[in-house]
Amino acid sequence: MVYIAVDLGGTNIRAARCDAAGWILARVGFPTRPEEGVEAVIARIIRAIREVWPADEPVEAMGVGVPGPLDPRTGVVLTAPNLGWENVPLADRLREQFRVPCFVGNDANLAALGEWQYGAGCGHEHLVYLTISTGIGGGVITHGVLLEGAHGLGAELGHIVVEARNGPRCGCGQTGCLEAMASGTAIARMAREAWARGEPVPWPDPSVVTAADVAEAATEGDPVASAIMDRAAFYLGVGIASFWHIFNPTLIILGGGVMKTGDWFLEKIRAYARERAMTPDYITPIVRAALGDDVGLLGALAYARMRLSSS
């Protein structure tokens, strides 16, 4: 059986033809260019799908991962700030075009599903997946089921509040969210703030510093960069301890660009999380994601299979 998987991001559109075992048979990618409008982006999605789908090959279903809140029952994207979308009926548009079942889900939820089915979470029935990149997103598997919530808006793990009184404002409008304290964007912001305070930062132009720059400097022993990464690890540990207490998973999986930092960063996160566990019974392994850049595509594949089997 063959499926189509689409990973729609604010920067790139990626599509693949996959089999049920998770083998990617063909893939293609295009720039998203959201500034050109909804219709232009949908046209690129359609083009990408056509490039990986031979006309004479039957397809069971397609899955699409989208960054932003949506209604998984209807496939309507409610809002996607990175795309400038509001109330876009993406699933209907693709069903009309290709005449196969199409299921649209939140990209972080789908990534959790992908790691569970094909990656680091294989064999676990209860897990939490957290992606730490430009922002922070996540997904939860409990009793072998993806937790989407009553209206498909559940598991917004990046927006639990970990610094309520003095935290910076998050992109969502609240203050002190985990995303505002420990994402790649937050790490870069802390680097600029350190420079503004007159601290001896190692970057020639702090205005364009990235989280990767900070992580590299910390790995090389720079004290300012090390303090910034330690602060991010602290808040990730606080968040993970909360996830242990709320979801009682057997595994925590960490993915995203920030987690390409060395093992020392992962060890800091583990240590801070363990310090905040209510009892040792809650503590479970914290591991790196296994699927790398393919997590979005394989998550979309897993979502299409899951939704098709339950429809």
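The values are calculated or read from the model by the stated rules, or taken from the named source; none is laboratory data. This is a predicted model, so every value here is computed, not measured. Neighbour counts are summed over all protein chains in view; Cβ atoms, including those assigned to glycine, are modelled from backbone coordinates with ideal geometry.
Criterion applied to ALA186, ALA164 was being within 17 Å of GLY239 (Cβ to Cβ), of a type in the set (A, V, I, L, M), out of contact with any Leu (no Cβ under 8 Å at 6 or more places or on another chain) and surrounded by fewer than 17 Cβ atoms within 10 Å (Cβ to Cβ), and the one residue passing it is ALA164.
Considering GLY137, GLY105, which residue is closer than 27 Å to ILE46 by Cβ and not assigned by TED's automatic domain parsing to the domain that holds GLY65?
On the way: GLY105 fails: not assigned by TED's automatic domain parsing to the domain that holds GLY65.
Testing whether each residue is closer than 27 Å to ILE46 by Cβ and not assigned by TED's automatic domain parsing to the domain that holds GLY65 leaves just GLY137.
If you go through segment 208-225 and keep only what is crowded, with 18+ Cβ neighbours inside 10 Å and in a helix (DSSP H, G or I), you end up with ALA211, ASP213, VAL214, ALA215, ALA217, ALA218, VAL224, ALA225.
Filtering segment 1-28 to residues that are at pLDDT 95 or above, surrounded by fewer than 20 Cβ atoms within 10 Å (Cβ to Cβ) and within 19 Å of ASN82 (Cα to Cα) leaves nothing. Residues in segment 208-243 that are more than 16 Å from SER133 (Cβ to Cβ) and either of a type in the set (Ser, Thr, Tyr) or not assigned by TED's automatic domain parsing to the domain that holds GLY262 (or both): 3 in all.
What about ALA232, is it more than 25 Å from ALA277 (Cα to Cα), crowded, with 20+ Cβ neighbours inside 10 Å and at pLDDT 95 or above? In short, no. Filtering segment 235-259 to residues that are part of a helix (DSSP H, G or I) and loosely packed, with under 15 Cβ neighbours inside 10 Å leaves HIS245, ILE246. Among the candidates GLU193, GLU179, the residue that is free of Cβ contacts under 8 Å to residues at least 24 places away in the same chain and assigned to a helix (DSSP H, G or I) is uniquely GLU193.
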